[in-house]
Amino acid sequence: MPSSSSVVVVSKCTIYPDQKSTLKSLQLSVSDLPMLSCQYIQKGVLLPSPPLSSADLLSLLKLSLSKTLSHFPPLAGRLQTDDSGYVHIVCNDSGVDFFHAKAPHLSIATLLPPHDCDIPPAYRRFFQFDNTLSYAGHSKPLLAVQVTVLNDAVFVGCTMNHAVVDGTSFWNFFNTYAEIARGAMKISKQPVFIRDSVFNSPAVLEFPEGGPSATFSGDEPLREKIFRFSREAVLRLKFRANNPAREPEFTAPEILGKQSKDSWGVNGKTNGNGKIMDEIILKKDPAAVISSFQSLSAQLWRSVTRARNLDLKKITTFRMAVNCRHRLEPRLEPLYFGNAIQSIPTIATAGELLSNDLRWSADHLHQNVVAHDDATVRRGVKDWESNPRLFPLGNFDGAMITMGSSPRFPMYDNDFGWGRPLAVRSGRANKFDGKISAFPGPEGNGSVDLEVVLAPETLSALENDLEFMQYVS
């Protein structure tokens, strides 16, 4: 198999917005500031080979990027800390980095191996700014795009400052970039640059000389693998979490025909297929229903804990990032640009997780998510203001899991004009033992891909966990 070193950067240039920014600056919020110690987000899409010459492809993607930046002026700016200690995004049109790379020996077959294989390390070479903390945005661009031309495909990788965007804003930019490349004269989802929410704060986060350090080592041995869950498998997990004493009584087609409300939107659309499974077989208050994703997360929590072979008294933590835009009253705009997330930790001992059924762990996750309402968000802000601090990303006691990204994000909407993505993949950023990223499955319709990063021996044990693997495609 060709090595990742066969990826060669051919050229680099700076892309500027095609229109001058009318937005002067944005102050980083209570949700943005903690991310300054996190590495830049690295996510990208594997696309089929375009019916264009290399020169025409690069011209299209550069021009489209320039137009897209005019709708997202903060991304063409830089971070700046004022004399009072407040950090701002200065929208000064300084531009972003654009890299053209080649890897003619890498093909779709190499990059999308059978499902029982680990993620090929070549993906790590499809992104820029490795090991770069978001604080570096004071001097580095806030965005870098790398277009890697492969043997029979092309990979478009975006590396974006995590103190400037969360997943919602990241994918809105990516979707808009693709939309403009397809020829759209008017974008469908204009970002909102308001800064008048509860996240705006007079609190100051102080940094050591030279800026913060990463909160995890980044040099531990790791394995990375995609575990794929069909819609049917996810619904089976949901049924099991909500009906612990019963086995499913419906065949797959019957369940799929009756379930829709719990399915997250895929590619900007909903998955409606008639009455929802909750109404047919659960007969309870919808707020009390454990969701599909909570059920899947609970199974992962149980199985990874078992694979780690922890002492039964060891406290484990499952941390989920939640979007606060719709949790606030009044709500934030759905396309609010920036970070509008908070982290929800759920704890349990290894013994509690493994001695109880799936419903027990799933309900713990569910109750924490349901309780995260407007008042909880505001308490979180007040708590941070009383003690401003960076986000503690990592696995500090060997018993943590951090779930990032979301199967709700419209990742497969990134059609640049010649076909939907074949896959969504990430770089090496922000990865440690226990970091999980959730992607929609490529077939959509409620399927989920989990990108699982674990210590090698833990991932090997997970692959042999029958309770977990029975749901994996």
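The values are calculated or read from the model by the stated rules, or taken from the named source; none is laboratory data. In this text, all values refer to a predicted model and were calculated from it rather than measured experimentally. Ideal geometry is used to build each Cβ from the backbone, glycine not excepted, and the neighbour counts take in all protein chains shown. With ligands, DNA and RNA removed, areas are computed over all heavy atoms of the protein, side chains included. Shrake-Rupley method; radii C 1.70, N 1.55, O 1.52, S 1.80 Å.
Summarising the label geometry, the points placed 7 Å from Cα in the beta-carbon direction at Glu333 and Asn356 lie 4.2 nm from one another. When the square roots of the Cα gyration tensor eigenvalues are ordered a ≥ b ≥ c, the ratio a/c for region 303-402 is 1.5 or more and a/b exceeds b/c, which makes its shape prolate.
Return the ratio Rg/(2.2 N^0.38 Å) for region 101-220, where Rg is computed over Cα atoms only. Don't jump to the answer; show the numbers that get you there.
Values: Rg = 18.3 Å, N = 120, 2.2 N^0.38 = 13.6 Å.
Ratio of Rg to 2.2 N^0.38 Å for region 101-220: 1.35.
Of Leu365, Val234, Ser94, whose Cα points farthest to the positive end of the dipole of the chain (charges on the beta-carbon: +1 Lys, Arg; -1 Asp, Glu; origin at the Cα centre)? Selected residue: Ser94. Using the Cβ atoms and a cut-off under 14 Å, what net charge is assigned to the surroundings of Lys225, where Lys and Arg are +1 and Asp and Glu are -1? Taking every Cβ under 14 Å from that of Lys225, the sum is -4. One decimal place: the segment Gln470-Lys314 gains 53.5 nm when fully extended, by the rule 0.36 nm per residue minus the C-alpha distance. Report the residues of region 68-87 in range of a label on Thr22: point 7 Å along Cα→C-beta, backbone N strictly under 11 Å from it. Those under the cut-off are none; the list is empty.
Sparsely packed loop sites in region 421-473 (the GluC sites (Glu not before Pro) outside DSSP H, G, I, E and B with at most 14 other Cβ atoms within 10 Å) comprise Glu443. On full extension, the segment bounded by Ser343 and Ser94 gains 86.4 nm, given 0.36 nm per residue less the C-alpha separation.
On full extension, the segment bounded by Asp116 and Lys62 gains 15.8 nm, given 0.36 nm per residue less the C-alpha separation.
Over all Cα atoms in the chain, the spread is summed up by Rg and Dmax: 21.9, 65 Å.
Share of region 322-436's accessible area from carbon and sulfur, percent, 1.4 Å?
On the way: 2300 of 4530 Å².
Carbon plus sulfur share of accessible area: 51 percent.
Indicate the gyration tensor shape class of region 51-155 (rounded, prolate or oblate), computed on the Cα atoms with a ≥ b ≥ c the square roots of the eigenvalues: a/c under 1.5 is rounded; otherwise a/b larger than b/c is prolate and the rest oblate. It is oblate, given that a/c is not under 1.5 and a/b is not larger than b/c.
For a quick protection proxy, order the peptides 311-317, 46-52, 408-414, 208-214 by their average other-Cβ count within 10 Å, most packed first.
The peptides rank, most packed first, as 408-414, 46-52, 311-317, 208-214.
Modelled spin-label separation between Asp373 and Arg389, with each label point placed 7 Å from Cα along the Cα-to-Cβ direction: 2.7 nm. Using the 1.4 Å probe convention, the accessible area of the chain works out to 40 Å² per residue with neighbouring protein chains retained.
When the listed pairs Lys62/Lys102; Lys314/Lys382; Lys24/Lys67 are checked against a 28 Å cut-off, the alpha-carbon distance exceeds it for Lys314/Lys382.
Rounded to the nearest whole Hz, the Karplus-based 3J(HN,Hα) values (6.51 cos²θ - 1.76 cosθ + 1.60, θ = phi - 60°) of region 22-36 follow the sequence 9, 8, 7, 7, 10, 7, 5, 9, 4, 8, 7, 4, x, 7, 5, with x at glycine and proline. Couplings 3J(HN,Hα) of region 103-113, computed from phi: 8, x, 8, 9, 10, 4, 4, 6, 7, 10, x Hz, in residue order, whole Hz [Karplus 6.51 cos²θ - 1.76 cosθ + 1.60, θ = phi - 60°; x for Gly and Pro]. For the chain, DSSP calls about 80 percent of its internal beta bridges antiparallel.
Rounded if a/c is under 1.5, else prolate if a/b is larger than b/c, else oblate: which is region 11-81, with a ≥ b ≥ c the root eigenvalues of its Cα gyration tensor? Since a/c reaches 1.5 but b/c is at least a/b, the shape of region 11-81 is classed as oblate.
Pairs Lys313/Lys431; Lys225/Lys313; Lys43/Lys189: which are spaced more than 23 Å apart, C-alpha to C-alpha? Walk me through the numbers on the way to the answer.
Numbers: Lys313/Lys431 27 Å; Lys225/Lys313 29 Å; Lys43/Lys189 20 Å.
In this structure, Lys313/Lys431; Lys225/Lys313 lie more than 23 Å apart at Cα.
Phi-derived couplings, Karplus 6.51 cos²θ - 1.76 cosθ + 1.60 at θ = phi - 60°, listed residue by residue for region 145-159: 10, 10, 9, 10, 8, 9, 4, 9, 6, 9, 10, 10, x, 10, 10 Hz, with x used for Gly and Pro. Share of carbon and sulfur in the accessible area of region 1-152 stands at 52%, probe radius 1.4 Å.
The heavy atoms of Met403 offer some 10 square angstrom of accessible surface to a 1.4 angstrom probe. Distance in nm between label sites at Thr14 and Ala287, each 7 Å beyond Cα in the beta-carbon direction? Between Thr14 and Ala287, the simple spin-label model gives 5.3 nm. Backbone amide hydrogens, once placed in the peptide plane, bring Thr349 within less than 5 Å of Thr316, excluding anything fewer than 5 places away on its chain. Computed over protein heavy atoms with a 1.4 angstrom probe, the accessible surface ordering of Lys435, Lys62, Lys225, Lys24, largest first, is Lys24, Lys62, Lys435, Lys225.
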